[in-house]
Amino acid sequence: MSSTDDIRLTGDPVLQEVCEPVENVEDVRELAESMLETMYEAEGCGLAAPQVGVPKRLVVIDCGWGSGEKTPYVLINPEIIEVSDETRVTGEGCLSFPGVTVEVERPRRVVVHAMNLDGDVMRYEADGTLMAVCLQHEIDHLDGKTLLDHLGPMARMRVKRQVQEAIEAGAKPGDVSNPASRS
Ligand code: NI
């Protein structure tokens, strides 16, 4: 079982690995369930397997549970099939970057194909929503990319410093602002 204490933080080499495809859905069923628990515990809306130290192409997402009902998605070997030319900038957090929010520009619309735990290939389409951001953010993790890879050199240095300060001030995965700067 994973817990929020097992979430790997930026700087951990597993977050830079290109993850291996999942060959057998049954092999990741327990992992997926434990990742969902960890994600809900950390109040995140997505979590990728490398964030719990497993370099496999598996992510869990639930962008709506803050509003009440849980709608968990498990995406195995997800692939981005289509993106829009039109982009959108939003503030993104990441459970591996406690205490910071980073402005990231991404395609506004995305279409993803992925297998679910029943072994069916599902199609996900999202446009201008948190889900559109989350799908792209989590799939980035499977290719060894994080928020830092969307930043120029100066912003990258700044965010690295901010996250370090936030961790030293006691920020935990799921925190979106530095505890030292909270009122
Ligand atoms: Ni993340």
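The values are calculated or read from the model by the stated rules, or taken from the named source; none is laboratory data. Quick caveat: nothing in here was measured; it's all calculated off a predicted structure. So basically every Cβ, Gly included, is an ideal-geometry build from the backbone, and we count neighbours across all protein chains shown. What goes into the accessible areas is simple: the full protein's heavy atoms, side chains included, and nothing from ligands, DNA or RNA. Shrake-Rupley method; radii C 1.70, N 1.55, O 1.52, S 1.80 Å.
Yes or no, residue by residue, for (1) open to solvent by 10 Å² or more (accessible area, probe 1.4 Å); (2) among the acidic types (D, E):
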| residue | (1), (2) |
| --- | --- |
| H113 | yes, no |
| D118 | yes, yes |
| V121 | yes, no |
| L130 | yes, no |
| H137 | yes, no |
| H141 | no, no |
| L148 | yes, no |
Cβ-Cβ under 6 Å pairs, at least 6 apart or on other chains, the stretch 142-153 side more than 17 Å from E92 (Cα to Cα) and β-branched (V, I, T), far side at pLDDT 95 or above and not in a helix (DSSP H, G or I): none
For the subset of the stretch 168-183 comprising residues that are open to solvent by 50 Å² or more (accessible area, probe 1.4 Å) and not small (G, A, S), which member is nearest to G93 (Cα to Cα)? V176
Residue ranges of strands (runs of 3 or more DSSP E) in the stretch 90-171 with at least 2 members within 15 Å of the ligand (Cβ to nearest atom): 102-107
Total residues in the stretch 18-41, condition touching an Asp or Glu at 6+ places or on another chain (Cβ under 9 Å) and part of a loop (DSSP other than H, G, I, E, B): 2
If you go through the stretch 64-79 one residue at a time, do you hit one that is surrounded by fewer than 17 Cβ atoms within 10 Å (Cβ to Cβ), away from the ligand (no atom under 15 Å from the Cβ), part of a strand (DSSP E or B) and at negative phi? yes
Any residue in the stretch 59-85 that is aromatic (F, W, Y) sitting within a Cβ distance under 7 Å of a residue that is open to solvent by less than 40 Å² (accessible area, probe 1.4 Å) and part of a strand (DSSP E or B)? List the pairs, counting only those 6 or more apart or interchain. Y73/V60; Y73/I61
Any residue at all in the stretch 132-155 that's on the phi > 0 side of the Ramachandran plot and modelled with pLDDT under 95? no
From the list D12, D85, exactly one residue is modelled with pLDDT of 95 or more and either surrounded by 22 or more Cβ atoms within 10 Å (Cβ to Cβ) or within 14 Å of the ligand (Cβ to nearest atom) (or both). Which is it? D12
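Name the one entry in V104, V89, V163 that is among the β-branched types (V, I, T) and touching a His at 6+ places or on another chain (Cβ under 6 Å).
So the residue among V104, V89, V163 that is among the β-branched types (V, I, T) and touching a His at 6+ places or on another chain (Cβ under 6 Å) is V104.
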How many residues are within 24 Å of V89 (Cα to Cα) and touching a residue at least 60 places away in the same chain (Cβ under 8 Å) if we restrict to the stretch 110-139? 8
